[in-house]
Amino acid sequence: MSKYLMNKFLYTVDRDPELVERYREDPRGTVEWWEAERANGILNVLSAEQSSWLKFDDAEREALATHDYPALFGLGAHPFLALTLFIAMFERDYPEPLGFQLEYAQRLSHYALPYPDIAT
Amino acid sequence: MATVAAVIASTHHPFYYRASTSTGEDRPPFADEWVAKITAFRQTLTRANADVLVLVGSDHFHQLWLDNMPQFLVGKAPFYDANWYNEEREFGLPRMFFTGQEDLSAHILRDGLDAGFDLAFSNELRIDHSVTCPMITLRPEADLPIVPIYTNIFAPPLPQPKRYVQLGQMIREVVESWPGDQRVAIIGTGHLSLELGGPRQFGPHGPDPEFDRKAVEWIASGDIEKALGEVSLESLWEPGNATHGFLDFMLMMGVAGAGQQADYVDSLDLFHTMEAYFTWYPKGGPA
């Protein structure tokens, strides 16, 4: 299990306008590319010194590859990171203000306190 | 020695800028009331005639990341760029630029370290909406030099609530021991009950109005003891999964001092979260 790596995916995609669009259009391909090419890059460190051990488990990879944000919530991905990125990708598809945000809440409505642990 | 000209605690709502500048059909129905309240709140800083602003906020996973996460960090730089692409994208926030007050940064770091706080520091910090929101609401000219201080309210494990209060007390003491005659306003922003990325988000009110009512009372009356008695790292999940932002209000209660009634208190019940605004004048009134 790697809550950290899920968060790293959400974080590094969210801050890059091109990756936001790429993930919106091709979630599975983007996740596979990112896990192969980017997952082990230490931010602020040259690629020659990258890590060697980071990978998603199957449930995490599948949740990311299917834009399944309720599953990401259940797996303990940081809710702020997930919300911010998914708003960037999908708010535009909803004509009403907050339409996407309210659907997001509704799709998580089966979760009750205590929520899944987000500590990394 | 420096004077603490005002202590100000506020929510930071990234939608204020867009709401207050929008016109016509885009202007939300609550915008005029919100602007009126912010304009009145702004006067409480203007009246303090501050020369320098210490700004306490929290990076929202912009420059600070989980591979190297400080609990408390003081900016020490001559300048600060501010706001990020994803804040421009989601909230319409403008890019901003501030001058730093490096002497005060150095003083807070030196005396803070000596007081037992192992403060991290940054010599190149791009700051985010936790600091720019109060600048937009309270000092839109952005013409005063700043010292930004970041706290971790976001990425567990967090320090205990009492540590935020103690940090606030330390900041107050250290600012008051800064040589010179500058007038310093200490401004910090946090949240009342708030849910982000969870099932209770974006409701017609904040997720826990009862918590908000109690929290406003604690802050307005300076009741640190009661706040510490009722708030724990565990309990803060209950009012909403982003309510740990309340820890920065507790820090500001530490700055203001135990039992210190706020001189100015206002709030605004909005969708999603309650806004709350507090100002203390430590020596009883502005200069």
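Against the list (1) crowded, with 17+ Cβ neighbours inside 10 Å; (2) of a type outside the set (Lys, Arg); (3) closer than 25 Å to residue B:68 by Cα; (4) within 14 Å of another protein chain (Cβ to nearest Cβ), the condition residue A:31 fails is (4). Among the residues making up segment B:26-41, a single one is within 14 Å of chain A (Cβ to nearest Cβ) and of a type in the set (Asp, Glu): B:26.
Scan segment A:93-120 for residues that are touching a residue at least 40 places away in the same chain (Cβ under 8 Å) and of a type in the set (Asp, Glu) and the total you get is 1. Among the residues of segment A:75-120, those identified as surrounded by 15 or more Cβ atoms within 10 Å (Cβ to Cβ) and small (Gly, Ala, Ser) are A:76, A:77, A:82, A:88, A:105. Just to be sure before I move on: is residue A:72 of a type outside the set (Gly, Ala, Ser), touching a residue at least 60 places away in the same chain (Cβ under 8 Å) and surrounded by 18 or more Cβ atoms within 10 Å (Cβ to Cβ) in the structure I sent? Judged against the criteria, residue A:72 is a match. Quick one: in segment A:93-102, of everything that is part of a helix (DSSP H, G or I) and within 16 Å of residue B:204 (Cβ to Cβ), which residue is farthest from the other protein chains (Cβ to nearest Cβ)? Checking each candidate, the answer is A:99.
Return the residue satisfying two criteria in turn: it lies in segment A:103-120 and is under 18 Å from the mean Cα position of the chain (by Cα) and in a loop (DSSP other than H, G, I, E, B), and of such residues it is farthest from the other protein chains (Cβ to nearest Cβ).
Filtering segment A:103-120 for residues under 18 Å from the mean Cα position of the chain (by Cα) gives A:103-105, A:107-108, A:115-120.
Okay, now just the ones that are also in a loop (DSSP other than H, G, I, E, B), so A:108, A:115-120.
Details: A:108: 4, A:115: 6, A:116: 10, A:117: 8, A:118: 7, A:119: 4, A:120: 6 Å.
Across segment A:103-120, the extreme among qualifying residues is A:116.
For segment B:245-258, the condition of being crowded, with 18+ Cβ neighbours inside 10 Å, more than 16 Å from residue B:164 (Cβ to Cβ) and out of contact with any helix residue (DSSP H, G or I) (no Cβ under 8 Å at 6 or more places or on another chain) holds for none of the residues. Taking segment B:63-97 as the region of interest, how many residues are more than 25 Å from residue A:91 (Cβ to Cβ) and either of a type outside the set (Gly, Ala, Ser) or within 14 Å of chain A (Cβ to nearest Cβ) (or both)? Here the count works out to 16.
Among residues of segment A:22-49 that are farther than 21 Å from residue A:88 by Cα and without any contact (Cβ under 8 Å) to a residue 24 or more places away in the chain, those with a beta-carbon under 8 Å from a residue that is aliphatic (A, V, I, L, M) and assigned to a loop (DSSP other than H, G, I, E, B) at least six positions away or on a different chain give the pairs A:40/A:54; A:49/A:42.
Residues checked against (1) within 18 Å of the chain's Cα centre (by Cα); (2) closer than 30 Å to residue B:174 by Cβ; (3) within 14 Å of chain A (Cβ to nearest Cβ):
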site	(1), (2), (3)
B:210	no, no, no
B:220	yes, yes, no
B:227	yes, yes, no
B:230	no, yes, no
B:275	yes, yes, no
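Filter segment B:42-60 down to residues that are out of contact with any Leu (no Cβ under 6 Å at 6 or more places or on another chain) and either surrounded by fewer than 21 Cβ atoms within 10 Å (Cβ to Cβ) or within 12 Å of chain A (Cβ to nearest Cβ) (or both) and give me whichever is nearest to residue B:141 (Cα to Cα). Among those that are out of contact with any Leu (no Cβ under 6 Å at 6 or more places or on another chain) and either surrounded by fewer than 21 Cβ atoms within 10 Å (Cβ to Cβ) or within 12 Å of chain A (Cβ to nearest Cβ) (or both), it is B:46.
When the residues of segment B:192-219 are filtered to those that are in contact with a Phe, Trp or Tyr (Cβ under 6 Å, 6 or more places away or on another chain) and not polar (S, T, N, Q), the one that is nearest to residue B:144 (Cα to Cα) is B:219. Exactly one residue out of B:153, B:146 is among the β-branched types (Val, Ile, Thr), within 18 Å of the chain's Cα centre (by Cα) and within 14 Å of another protein chain (Cβ to nearest Cβ), and it is B:153.
Bear in mind these aren't lab numbers, they're just calculated from the coordinates by the rules spelled out. Fair warning: this is a prediction, and the values are worked out from it, not measured in the lab. Counting neighbours? That spans all protein chains shown, and the Cβs are built from the backbone with ideal geometry, glycine included.
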